[in-house]
Amino acid sequence: MLPKDLLEPLQKKIAGADHPRELAVDVMLSLQNHYGYLSDQAVKEAARLLGMTSLEIEEIATFYDFIYREPVGRFVIHVCDGVVCWMNAYDSVLNHLSKKLGIKPGETTKDGFFTILPTACIGYCDLSPAMLINGRAYGPLTPEKIDGILDRLRSEAPSPRMTR
Amino acid sequence: MYPQVIFQNRKPDRIATMDEYRQSGGYQAITTVLQKYSPKELQQQVVDSGLQGRGGAGFPAGRKWQGVADNAPFPRYIITNIDEMEPGTFKDRFMAHVDPHMIIEGTILAGYAVSAEKGIIFVRPSYESSALILEREIRIAKEAGYLGQNILGSHFSFDIVVHRSGGRYICGEGTAQINAIMGMRAHPRQPPPRTTEKGLWEQPTVLNNIETLVNVPHIIRNGPEWFKGLAKTKTAAGTKLYCVSGKVKNPGCYELPMGTLLREILEVHGGGMLPGCEFKTCLPGGASTYYLPVKFLDAEMDFDSMKKVGNRLGTGAVIVFDHKTCLVAATLNLMDFFVRESCGWCTPCREALPFIRDLLWRIEVGEGKEEFIPTLRRMSQHTWNSYCAFAPGATMPVTSLLDYFAEEVHEHISQKKCPFKK
């Protein structure tokens, strides 16, 4: 069951839309923030809120890079593997992240903090190599910078999940 | 230093406010237009200016607006595309962070030109900061009376909303973007009907790139002839935001006259090659253009001139490769991108791109054969039968790799390894 302070603004927003369906991504992102990922339960709730079927939600949920249908860490690291970052040592960024966090791309650390997801060009080619963590971009990356970013995020640890 | 139009209020550390935009002449165009121009006259001004769509295709913006018939039904929609996901391209992010009210005024003017009642700004998720800026500045513009009912006391009413994408390359394609806004899978559609007849919610819809629309207020204020005069070449008009990335000293986004020499963009504005790097080639307009051989480095960067050298201006995003970068591996990286981002709707793209990727991978790891080369060409040709322009765009690096850097490919095959790996 969704808490009132999440449900009511969503219902209000949907009631004010010309076509509820156009809010499908917004609703999925809100529920994803609440549950940590777009759970089966969240798919059903999104469908009910929007007057769509669960299948229609599933169709678009699985289509998008930034909708997570499986549990992810508190911080999702989208490492850019676009051609410019590739040229600028994307490999070493990914290796450093994997080594430091002890996980492979697509995995989540045991403490539930970090997930690594290689991602299509994120549009920060001027700051290459770059990555995006919970909506914020970082670059140009070096091993030292990455360490600093991860340590800082971890130290902010028990704080509530960052909203997008 | 060239005249700065789109970046006239660019500041090193912050976004221009609405007042700063107004002080530089902002919102004068919409004030004038609402008092003196009919929608048709506004369309004609933009036709006369020679403004070409900046999303990549270069279609005349005014003519696109004229595609909405006089008797087309209401409501009508404008979509402002800030979904650039073309690798190497980041100009839309700059515009949102430099002068957001220019985007808002451009969208309002487009709305007036086709008598639309609503504008939708479509933003990709990795530009969340741009979405937040635009939402805030739209509220400010509304409070100032530039949006909402009876704008500036006229009969024209118009609103803008920001639409967040879930993130997928195909959403940048116009018809796919319309499906995405409607909460459907972002597959492209083919005309007929054109989206100017039946687009968003089956209503007349015009989709413009953000860089196209920010030019409109300036065209109205300074006139079509002034706009044409901004370009260096005769067939082009206006300035262009060129993104420079890769092995250059100063990667960044630069506003320069349309038709500026590619060499100047790279050597002067991009700062030249990084120390120890020699220029090998570049993709002049994002990933969906052709590798440009060094002999064309003095080409003018506009739509017509790039066509003359067998290439495309695309988004004007120049990705620079140096002599130490393996182009087979680079093309393989690009194909990884296109394969993953293909929406899967139509067969040539869904089937041919993975096939091409597999052959390139074999060549890169030393398992290549000479007979792969004609197959790569044949598979690339198939993508021209796709639903949208993204699939043939995806194979442009492949065919130009074979056209201009065949030797590098042959070396991989004969040496049974990548010659760039020690």
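Listed values, structure above:
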item: Residue match in region B:144-159 (condition: of a type in the set (V, I, T) and more than 21 Å from the chain's Cα centre (by Cα)); result: yes
item: Filtered residue count, region A:56-77, keeping only those that are more than 21 Å from A:L2 (Cβ to Cβ) and aliphatic (A, V, I, L, M); result: 2
item: Residues (in a strand (DSSP E or B) and among the polar types (S, T, N, Q)) located in region B:301-346; result: none
item: Scan of region A:70-92 for residues that are assigned to a helix (DSSP H, G or I), within 14 Å of chain B (Cβ to nearest Cβ) and surrounded by fewer than 21 Cβ atoms within 10 Å (Cβ to Cβ), ordered by number; result: A:D91
item: Subset of region A:93-137 that is assigned to a helix (DSSP H, G or I), more than 14 Å from chain B (Cβ to nearest Cβ) and without any contact (Cβ under 8 Å) to a residue 12 or more places away in the chain - its residue that is farthest from B:G246 (Cα to Cα); result: A:K99
item: Residue in region B:213-223 that is within 14 Å of chain A (Cβ to nearest Cβ) and buried (at least 24 other Cβ atoms within 10 Å of the Cβ) present; result: no
item: Residue list for region B:142-169, restricted to those being crowded, with 21+ Cβ neighbours inside 10 Å, more than 10 Å from every other protein chain (Cβ to nearest Cβ) and in a helix (DSSP H, G or I); result: B:I151
item: Members of region B:276-291 found to be touching a helix residue (DSSP H, G or I) at 6+ places or on another chain (Cβ under 8 Å) and either crowded, with 23+ Cβ neighbours inside 10 Å or assigned to a helix (DSSP H, G or I) (or both), listed by number; result: B:T281, B:C282, B:L283, B:P284, B:G285, B:A287, B:S288, B:T289, B:Y290, B:Y291
item: Cβ-Cβ under 8 Å pairs, at least 6 apart or on other chains, region B:303-328 side more than 18 Å from B:Y242 (Cα to Cα), far side outside any helix (DSSP H, G or I) and among the polar types (S, T, N, Q); result: B:L327/B:T281
item: Some residue of region A:28-48 being closer than 20 Å to B:C171 by Cβ, out of contact with any Phe, Trp or Tyr (no Cβ under 8 Å at 6 or more places or on another chain) and more than 9 Å from chain B (Cβ to nearest Cβ); result: yes
item: Hey, B:G172 in contact (Cβ under 8 Å) with a residue 40 or more places away in the chain and crowded, with 19+ Cβ neighbours inside 10 Å or not; result: yes
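The rows are residues; the columns are (1) over 23 Å from A:C85 (Cα atoms); (2) among the polar types (S, T, N, Q); (3) touching a strand residue (DSSP E or B) at 6+ places or on another chain (Cβ under 6 Å).
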position	(1), (2), (3)
B:T347	yes, yes, no
B:R350	yes, no, no
B:I356	no, no, no
B:F372	yes, no, no
B:R378	yes, no, no
B:H382	yes, no, no
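Any read-out appearing in this document is the output of simple, stated calculations on the displayed coordinates, not a laboratory observation. Just so we're clear, the structure is a prediction, and the values are computed from it rather than from any experiment. Please note: Cβ atoms are built from the backbone with ideal geometry, for glycine as well, and neighbour counts cover all protein chains shown.
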